[in-house]
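Following: one structure in structure tokens, then a few remarks.
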Amino acid sequence: MPLTEDGHRTYSQGAGIRIDETLADCSKLFIVNAGVVVNLSIVLKQLEDQGELDLYYLDEVGFCLIPCIPYGWQLIGQTEEIESRRSQRLNVLGMMTRANQLHSYVSTQSMTSEVVIACIDAFFPSVNQRTVLVVDQASIHTSDTF
């Protein structure tokens with residue numbers, strides 16, 4: 001599999017089509033082959049369906065026991081209470097396939113580009129074939145470090 005100048009692996013398919021593994025938000029990217037515009041998201045899903053690659057979607061989320069409830073509804077004259085307590089925030093990074101296979105990493109650290117890279121590095125020894133990670137445009141995914 002060829003590498004670009006900056007070391008990213010690429011896939012070549014057909015006349016001049018190059019799909020870079022580091023593409024973010026592929027649902028908005030399109031490729032042109034013989035004058036036909038094709039949604040890259042569809043191409044990747046088709047390649048996954050054919051067993052040519054594994055397609056994972058990556059994202060992060062944080063949890064804590066202090067609820068964030070900006071508003072609520074209650075009957076007139078009644079007071080509703082939600083008990084909460086202090087807790088350390090847990091951050092979870094997950095990589096999931098369309099078949100709901102999940103690889104998750106839990107941390108109490110802030111999610112930075114370095115933490116995301118460490119999670120990806122920990123994930124790749126389990127990879128058996130060409131794999132595409134789809135990430136959003138979050139700043140930790142678009143930093144110079146990433």
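The values are calculated or read from the model by the stated rules, or taken from the named source; none is laboratory data. In this text the structure is predicted, and so the values were computed from the model without any measurement. Using ideal geometry, Cβ is built from the backbone for each residue, glycine included, and neighbour counts are taken over all protein chains shown.
Looking at Glu114, Glu80, Glu48, Glu52, which one is among the acidic types (Asp, Glu) and in contact with a Gly (Cβ under 9 Å, 6 or more places away or on another chain)?
One residue alone meets the criteria, Glu80.
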Problem - Top-ranked residue of the range 87-109 - restricted to ones that are closer than 11 Å to Leu58 by Cα and among the hydrophobic types (A, V, I, L, M, F, W, C), ranked as surrounded by the fewest Cβ atoms within 10 Å (Cβ to Cβ) - result: Leu102
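Okay, residues lined up against (1) at pLDDT 85 or above; (2) among the hydroxyl-bearing types (Ser, Thr, Tyr):
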| position | (1), (2) |
| --- | --- |
| Leu53 | yes, no |
| Pro70 | no, no |
| Met95 | yes, no |
| Leu102 | yes, no |
| Tyr105 | yes, yes |
| Ser113 | yes, yes |
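Being more than 20 Å from Asp136 (Cβ to Cβ), modelled with pLDDT of 75 or more and surrounded by 11 or more Cβ atoms within 10 Å (Cβ to Cβ) narrows it down to one of Ser84, Ser12, so name that one. Break it down stepwise before answering.
Numbers: Ser12 fails: modelled with pLDDT of 75 or more.
Among Ser84, Ser12, only Ser84 is more than 20 Å from Asp136 (Cβ to Cβ), modelled with pLDDT of 75 or more and surrounded by 11 or more Cβ atoms within 10 Å (Cβ to Cβ).
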